[in-house]
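Beneath this line is the structure, given in structure tokens, with notes to follow.
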Amino acid sequence: TTIVTVGNGYGVEIESRDRQNIKLSKEEYDLVKYLRKYSKKLIVIVYAGSAVDLNLIHELSDAVILAGFGGQCVSDALANILCGNISPSGRLSATYAQSLDDITSTHSYMDEKVMVYEEKENIGYRYFASKNVDVLYPFGYGLSYADFEYSNFNIEVIDNKIIVCVDVFNISNSDQHLICT
């Protein structure tokens, strides 16, 4: 098994400006292509704080892990996930489009400093869901090593708040734990 890391480095994702594209570097794509030729199993770990173009990565790899920007202990966490010591039970906080062209704001006014967002309530995953646009990875996508059973769904509206309750049971042989708050 070959494990390779790719992603956005310092200065690519910053608060003061919009990114001009969502691609990784040509060298990273070339590296993944090269490794695919010689690897029986290829795992690609992506360090990025927001969605990037993972179409080629998805096509060439056996597994993709979005590590985000996990801080100084991210390598320990990833090692525990890859070794099966803990469950990778995180979920995506953004939708990964198949193409930058699928993101509606890219068709609005844009220059070096300004991008006009005209989506209104159809921003992010809402646009893809309401317009039935296929995506690479949807909002909320994720994996767990354990199998869970869900029962006793209950939804209440109390003081203009929606309260959702559900019982979750680990029904697998895995001793992975689901932690909820």
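The values are calculated or read from the model by the stated rules, or taken from the named source; none is laboratory data. Source: prediction; values computed, not measured. Cβ: placed from backbone, ideal geometry, glycine included. Neighbour counts: every protein chain shown. What goes into the accessible areas is simple: the full protein's heavy atoms, side chains included, and nothing from ligands, DNA or RNA. Shrake-Rupley method; radii C 1.70, N 1.55, O 1.52, S 1.80 Å.
Only residues that are open to solvent by 100 Å² or more (accessible area, probe 1.4 Å) and at pLDDT 80 or above were counted in segment 121-168, giving 13. Considering segment 83-104, the residues that are of a type in the set (Val, Ile, Thr) and more than 29 Å from ASN170 (Cα to Cα) include one that is surrounded by the most Cβ atoms within 10 Å (Cβ to Cβ), namely ILE103.
So which helices (runs of 4 or more DSSP H) stay within segment 1-97 end to end and still have 3 or more residues that are farther than 28 Å from TYR125 by Cα?
Numbers: elements: 26-38, 55-60, 74-82.
Here the list reads 26-38, 74-82.
Check whether at least one residue in segment 1-10 is open to solvent by less than 40 Å² (accessible area, probe 1.4 Å), modelled with pLDDT of 90 or more and closer than 19 Å to TYR145 by Cα, and report yes or no. No, the conditions are met nowhere in segment 1-10. Of the residues TYR47, TYR34, the single one that is within 15 Å of the chain's Cα centre (by Cα) and open to solvent by 50 Å² or more (accessible area, probe 1.4 Å) is TYR47.
Answer yes if at least one residue in segment 87-95 is among the aliphatic types (A, V, I, L, M) and farther than 20 Å from THR2 by Cα, and no otherwise.
Applying the first criterion (among the aliphatic types (A, V, I, L, M)) to segment 87-95 yields 92, 94.
Still in the list and also farther than 20 Å from THR2 by Cα: 92, 94.
Checking segment 87-95: at least one residue is among the aliphatic types (A, V, I, L, M) and farther than 20 Å from THR2 by Cα.
Considering (1) within 14 Å of LEU136 (Cβ to Cβ); (2) open to solvent by less than 50 Å² (accessible area, probe 1.4 Å); (3) over 15 Å from the mean Cα position of the chain (by Cα), the lone condition that GLU59 does not fulfil carries the number (2). Contact annotation: residue pairs with Cβ atoms under 6 Å, 6 or more positions apart or on different chains, pairing a residue in segment 52-72 that is more than 18 Å from LYS26 (Cα to Cα) with a partner that is hydroxyl-bearing (Ser, Thr, Tyr) and buried (at least 16 other Cβ atoms within 10 Å of the Cβ), are ALA67/TYR47.
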